[in-house]
Amino acid sequence: MGELKISGGYLNVLAPVDISYISPHILNLKSMLDKISYFCKQSKIHSELECNNIMEPIIVRYHDMIEEYDSLSHLVTHRSKRSAWFGGIGSALKQLFGTLTEDDAIRYDNALSTVQENEKKMASLIKQNILITTSTLIAQNSTLEKIKINEASLKTAVNKLSADLNNLTIASQEAIITSELNTAFNILDSALLTLSFRLEDIVNSILFCNQNVLHPSVITPSKLYQELAKNYRHFPNDLKLPLSLDLELINAIIHTSKLTCYYYRNKIMFMLQIPLVTPETYSLFNNIPLPTPHDVNRTNSYVTIIPSSKYVAMTKDKTRFCTLDNLDSCTVLVSQIYVCEVMNTYTPSAHPTCESEIITKVLSNLPEQCETKLLFGNIDIWKPLSNNRWIYVQSNPSKLFIDCFESELIVVNLLGTGVLNMPSNCTAYCKNTKLIPKSNILNITFHLEKSNFNIAKSTCCDLNSINNLKVKTDTINLENIDLENLKSYQHLSTSIIKQTDEIINQPHFTKYSAHYSILTLVLFSFTICFIAYKIFRCVRPSSSVMNIRKKLKLGKPKTDNISLKEIPVTKPSNLPVQEPQPSQLSPPRLREIV
C-alpha cells in the first residue's frame, strides 16, 4: 500500500497574535471621528447636510469595524465577561478550537516571553518541541507600527485643522481648511480600513482554525518553511519531519498537522502541531485472504489463511513490525505515505505472527500461528485492489470480456484464483460484474511478498484431510462477499463441519434427549391415567352399596307388597310362636323387593 512512519511526538509551532492594542485604537478613532465631524460643521465652509454626506461612508465603515470587533469578542471570551474584555481586563485561558490545558498555555506564554527577550534561546525551546515564529512577531510589530503612524498622522491633521479654524479671518483660508478637512477624512478612512482588515483577518483565522486550516494572515507557507529551515538543526536526533523539508512539500506538512487556537493574556495563540516521526520507514501491507483451490481442474474446494490483523507494517530490513486493525489514527501524505500513532512494535523472533513468519522465514509448511479456513461450493468473488487490479475467485469457468477504446473486444477465460491487471482506458464485464478502472495517478513501485510453500499441500489443508471429514456438506454459493471479512462469515464450511462433528460426538443420551423426553412424557401420562382409573374403580362400588342400603331403609314401611303364607306348624304347648324377622327372608324375596 505504501510506506508507514510512526509518529513520535509533535513540534508545536506557535504564532501569537496580540490584540491588546485594538481596543485603545478604536477609542482613539472614535474620538477623532467626533472631532472631525464637529470641525466640519464649525468651519462654515460646508453645510451640516454636506458634512453628514461626507462623514456617512466613514461612519458606516466605523460601525462595520465595531461589528467585527464584537464578533471577535464573542469568539474569544465568555458572554458574561465581554464587557471586562472590552476594557482590557482578563488573562484567563479561553479554549477556541483544539485541545489545550491551562498549564500548557502558561508554558507557551513563558516561552514567548523568553524569545521576545532573547532570540538566541530558541534552540533550547526547540528541544522542548516548541518553535516560536519570529516572522509572525515581526509582521505583528509592522502592523502595530503602521497603526501608530496612522494614528499620529490623524492627530496631527486634526490639531492643524483646529488651529486653522481658530484663525479663519480671510476667504483665502477657506481653500486651506477644505484641503485639511479632506486630508483628515482620508487619514481617518485609511486608519479605519487598516484596523478593519486586521480584525477581519483575525476573525477569519479563528474560523479557519475550526476546519484545521492555517490562514495565511497568521503565517504564510513560505514563512513557515523559512522558520523550519532556520531551526531544523536544533531538532532532536531521534525524530524528524514526516517529509523532506522542501518548499514544494510545505503544504503537505501543514495538511498533516493539527491546528489549535486559544486566547490567553490578550493574545490569540495559533499552535500548529507538526508530527515528528521516527527514522525507521515501514512497508505497509493490507492482509487479504486469498482462497487457493486444492485442484486447479476441480475448483469447488478452497483453503485460505485468515489474517491475524487487517494491516501489517514491517521495516525494510525485516527486523521490526507492527500490526493495525484500521487506519483511523493515520494521516495520509503524498505518495501514499502514512503517519500513524502506533503504541507497540515487535521483533519477529520475540513476537511471531502468521504474517511475520511468512515474510521473514523460508518455510516448507504452514506456520503454526496461522489460522485457516476451508471453503466448499461455488464461489464468485471480485476484490478491487489499487492501480487498476482485482483479485478474482471463480469456481466455474467464466468468460471475461474486455472492451478497450478503439480496440477489438478481448475475451479471457477465468477459472480458479488470480489477479487481473487492466489498462485505465478499458472496461471489463464478467457475468453480472462490471469492472471500471481508474486513472493510474500514483506510480507505486512495490515488492509483492510470495511464500515458498503451497498451502493446498500443507498437512492441515490438503485433499486427504478434506476427504477424511466426518460429514459431507452441501454445496453453497458465495457471491458478493468481501475477502477481508471472510473471518466473520458463519456459513463457511469449516464452521459447519466443526458444528456437525460436535453433534456427532455428543453422548448417546444427549444426542437422543428429545426421544427420551417424548417417551418419558408418554409413560408419565399413561401412569397418571392408570392411577386415575384405579381410584375411580375403588370409589364406584362403595357408592352402589350405600345406595342399596339407603333404598332398603326407605323400603321398610312398604310391607304391603310382600305376601307371606302361613305354614301350619305343630306347636308344642310349652313353646312360644315366633314371627319371622326381615333378616331371615329368603334371597329371592329380597331380589323381588329390589
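The values are calculated or read from the model by the stated rules, or taken from the named source; none is laboratory data. No experiment lies behind these values; they were computed from the predicted model shown. Glycine also receives a Cβ, built like all others from the backbone with ideal geometry; neighbour counts cover every protein chain displayed.
Of all residues in the stretch 289-330, those that are in a loop (DSSP other than H, G, I, E, B) and under 16 Å from T353 (Cβ atoms) total 9. Might you check whether a residue that is in a loop (DSSP other than H, G, I, E, B), closer than 16 Å to T315 by Cβ, touching a strand residue (DSSP E or B) at 6+ places or on another chain (Cβ under 6 Å) and β-branched (V, I, T) occurs anywhere in the stretch 348-360? For the stretch 348-360, residues in a loop (DSSP other than H, G, I, E, B), closer than 16 Å to T315 by Cβ, touching a strand residue (DSSP E or B) at 6+ places or on another chain (Cβ under 6 Å) and β-branched (V, I, T): absent.
Counting only residues that are assigned to a strand (DSSP E or B) and among the polar types (S, T, N, Q), the stretch 12-27 holds 1 of them. In the stretch 253-274, the qualifying residues are those that are in a strand (DSSP E or B) and among the β-branched types (V, I, T), and the one that is surrounded by the most Cβ atoms within 10 Å (Cβ to Cβ) is I268. Determine whether the stretch 190-211 contains at least one residue that is without any contact (Cβ under 8 Å) to a residue 24 or more places away in the chain, within 30 Å of I66 (Cβ to Cβ), in contact with an Asp or Glu (Cβ under 7 Å, 6 or more places away or on another chain) and not acidic (D, E). There is no residue in the stretch 190-211 that is without any contact (Cβ under 8 Å) to a residue 24 or more places away in the chain, within 30 Å of I66 (Cβ to Cβ), in contact with an Asp or Glu (Cβ under 7 Å, 6 or more places away or on another chain) and not acidic (D, E). Restricting the stretch 223-255 to residues that are of a type in the set (S, T, N, Q) and within 24 Å of V332 (Cβ to Cβ) leaves a set whose member that is farthest from the chain's Cα centre (by Cα) is S244. Does the stretch 28-40 contain at least one residue that is assigned to a loop (DSSP other than H, G, I, E, B) and of a type outside the set (F, W, Y)? No - not one qualifying residue is present in the stretch 28-40. On the stretch given as the stretch 315-359, residues that are of a type outside the set (D, E, K, R) and surrounded by fewer than 17 Cβ atoms within 10 Å (Cβ to Cβ) total 17. If the condition is being surrounded by 19 or more Cβ atoms within 10 Å (Cβ to Cβ) and at pLDDT below 85, then the stretch 395-415 contributes only S395.
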